[in-house]
Amino acid sequence: GLLFDPPLSALTMTLHLGLKLVIGGTATALSPTFGFLLAFIPAAALLSFMVGREDFRWSRAILALLSSLALTYAMGFLHVALVFPDIAGPAFWLSTLLFLPGDILKGGLALILARRLRPFLMDPRT
């Protein structure tokens with residue numbers, strides 16, 4: 001989402017999910033994490049849309065990162081609550097939220113890397 005436009009960002013995540021489904025089969029679609037995997041598609045497009053293709057601004061990039069994480073977690077939680085109501089208790093929410101600090105840290109590192117790569121990948125004529 002940080003290096004491509006929204007349609008291409010969504011396409012790359014769709015291909016990622018497709019590969020997981022091919023390799024993992026129906027077990028992937030029947031797992032509690034499937035909602036999170038599915039959320040990567042709109043989250044990547046949202047991130048790309050919010051960051052934009054023009055000049056990179058840290059404030060906009062951080063807001064975009066947090067928004068895409070919120071969308072990912074919301075869709076993941078919704079999937080678990082609807083498909084797996086038996087495990088959708090407080091223990092699940094707390095154990096899943098343990099991943100949030102790491103996700104924010106990885107997102108921050110991705111922002112730094114994308115900031116450095118964008119000049120090499122963005123065509124100034126577009």
For residues that are within 27 Å of Phe92 (Cα to Cα) and outside any helix (DSSP H, G or I), tally how many sit in the stretch 1-60. 5
Of all residues in the stretch 54-79 being over 13 Å from Gly1 (Cβ atoms) and touching a Gly at 6+ places or on another chain (Cβ under 6 Å), the one that is modelled with the highest pLDDT: Met75
Working only within the stretch 28-50, note down all residues that are of a type in the set (A, V, I, L, M) and over 18 Å from Asp103 (Cα atoms). Ala29, Leu30, Met50
Evaluate the stretch 55-62: report whether one residue or more is in contact (Cβ under 8 Å) with a residue 60 or more places away in the chain and either crowded, with 19+ Cβ neighbours inside 10 Å or over 30 Å from Phe120 (Cβ atoms) (or both). no
Identify, from the list Thr33, Thr96, the residue that is under 22 Å from Met13 (Cβ atoms), in contact with a Phe, Trp or Tyr (Cβ under 8 Å, 6 or more places away or on another chain) and among the β-branched types (Val, Ile, Thr). Thr96
Gly35: of a type in the set (Gly, Ala, Ser), surrounded by 15 or more Cβ atoms within 10 Å (Cβ to Cβ) and in contact (Cβ under 8 Å) with a residue 60 or more places away in the chain, yes or no? no
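Confirm whether Ala110 is in contact (Cβ under 8 Å) with a residue 60 or more places away in the chain, under 15 Å from the mean Cα position of the chain (by Cα) and part of a helix (DSSP H, G or I).
yes
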Looking at (1) surrounded by 16 or more Cβ atoms within 10 Å (Cβ to Cβ); (2) touching a residue at least 40 places away in the same chain (Cβ under 8 Å); (3) assigned to a helix (DSSP H, G or I), which is the only condition Leu78 fails? (1)
Among (1) among the charged types (D, E, K, R); (2) farther than 25 Å from Pro119 by Cα; (3) touching a residue at least 24 places away in the same chain (Cβ under 8 Å), the one test that Lys20 misses: (3)
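The values are calculated or read from the model by the stated rules, or taken from the named source; none is laboratory data. Just so it is clear, the model here is predicted, and its values are computed rather than measured. Glycine gets a Cβ as well: all are built from the backbone with ideal geometry, and neighbour counts include every protein chain shown.
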